[in-house]
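K.L.:
Encoded as structure tokens, here's the structure I'll be asking about.
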Amino acid sequence: MDIMTSVGLIAGIIVITAMIFMGGDLHMFISEHAMIIIFGGSISATMIRFPLSALLHGLPLGAKFAFTMSRLSAHDLVDELARIAEIARKQGPVGLEKVETDEPFLAKGIRYVADGYDLDFIRDNLERDRDNFLMHLDEGSKIYRAIGDCAPAFGMIGTLIGMVQMFANMTDPSKLGPFMATALLATLYGALVANLFCLPIADKLHGKLLDEETNRTLIIDGILMIRDSKSPTLVREMLLAYLPEKHRHAEGEPVPA
């Protein structure tokens, strides 16, 4: 669970709700017309921008990864691959059949090595799997960013519609208040949808994409070295290059100046 995403959303909702109740009640901030223009308009524009397949893959994948963390960090993956290389060196590929891991992508690579597939097959399949996953995650980031870009614009459209309705009914003072409220709430909803939900989630997904690209490329290189019967020490040293300098050394081990 990515705690920061959940905490950030909850904190933002609490702040907005507190401000609402400090100056009135929740009922005056609810407008069906504003909701229709913001959510209906933003979703419609997003459907025009992206094909159906991208929406079906990107939205749920993006929502999932915005609130979850990778099972293993890059440093954990280096340790795990060094351990697997040790098993393969002592017991051969057959020994890998009993190896268990929490990372599905790594488990797939281990299965390929245990089944005796050649290097080219393993590389091609793992790289294709990685690229497809990253493409869908990137689609999710772009979709949430598109909704975040559309929402304020449709908030402005809702405001203009409300203003037109208000000026068209200037002879009836009883209608001026509701139309003005709709106009202002459309802008409010658009700003909230964009700046509290969609744009932060899009940025979070972009960061997750970079992390997943590093982790999955690290796994591919490690699996290929294990398939090539490299020593555990060499596997570890080669894979440590994927980590930042300050994370390449064990706890308590001095970092070279």
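The values are calculated or read from the model by the stated rules, or taken from the named source; none is laboratory data. In this text the structure is predicted, and so the values were computed from the model without any measurement. Every residue, glycine as well, gets a Cβ built from its backbone with ideal geometry; the counts of neighbours run over all protein chains shown. Ligands, DNA and RNA are stripped out before the accessible areas are found, and what is left, the full protein with its side chains, is counted by its heavy atoms. Shrake-Rupley method; radii C 1.70, N 1.55, O 1.52, S 1.80 Å.
For every residue, the table says whether it meets (1) aliphatic (A, V, I, L, M); (2) assigned to a loop (DSSP other than H, G, I, E, B); (3) out of contact with any strand residue (DSSP E or B) (no Cβ under 6 Å at 6 or more places or on another chain).
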site: 70; (1), (2), (3): no, yes, yes
site: 88; (1), (2), (3): yes, no, yes
site: 94; (1), (2), (3): yes, no, yes
site: 116; (1), (2), (3): no, yes, yes
site: 126; (1), (2), (3): yes, no, yes
site: 144; (1), (2), (3): no, no, yes
site: 150; (1), (2), (3): no, no, yes
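K.L.:
Is at least one residue of region 61-68 out of contact with any strand residue (DSSP E or B) (no Cβ under 6 Å at 6 or more places or on another chain), within 22 Å of residue 214 (Cα to Cα), of a type in the set (D, E, K, R) and modelled with pLDDT of 85 or more?
P.N.:
So far as region 61-68 goes, yes, one or more of its residues are out of contact with any strand residue (DSSP E or B) (no Cβ under 6 Å at 6 or more places or on another chain), within 22 Å of residue 214 (Cα to Cα), of a type in the set (D, E, K, R) and modelled with pLDDT of 85 or more.
K.L.:
Could you check residue 62 against (1) outside any helix (DSSP H, G or I); (2) touching a residue at least 24 places away in the same chain (Cβ under 8 Å); (3) not charged (D, E, K, R) and say which number it fails?
P.N.:
(1)
K.L.:
Evaluate the following for residue 35: is it assigned to a helix (DSSP H, G or I), without any contact (Cβ under 8 Å) to a residue 60 or more places away in the chain and open to solvent by 60 Å² or more (accessible area, probe 1.4 Å)?
P.N.:
It is false that residue 35 is assigned to a helix (DSSP H, G or I), without any contact (Cβ under 8 Å) to a residue 60 or more places away in the chain and open to solvent by 60 Å² or more (accessible area, probe 1.4 Å).
K.L.:
Every residue in region 119-144 that is of a type in the set (D, E, K, R), without any contact (Cβ under 8 Å) to a residue 24 or more places away in the chain and farther than 27 Å from residue 50 by Cβ, please.
P.N.:
The answer is 120, 124.
K.L.:
Inspect all residues belonging to region 167-186 and state whether any of them is within 25 Å of residue 11 (Cβ to Cβ) and surrounded by 19 or more Cβ atoms within 10 Å (Cβ to Cβ).
P.N.:
Checked region 167-186: at least one residue is within 25 Å of residue 11 (Cβ to Cβ) and surrounded by 19 or more Cβ atoms within 10 Å (Cβ to Cβ).
K.L.:
Quick one: is residue 72 crowded, with 16+ Cβ neighbours inside 10 Å and modelled with pLDDT of 90 or more?
P.N.:
So residue 72 does not fit the description; no.
K.L.:
Do we find that residue 177 is out of contact with any helix residue (DSSP H, G or I) (no Cβ under 6 Å at 6 or more places or on another chain), assigned to a helix (DSSP H, G or I) and under 17 Å from residue 142 (Cβ atoms) in this structure?
P.N.:
no
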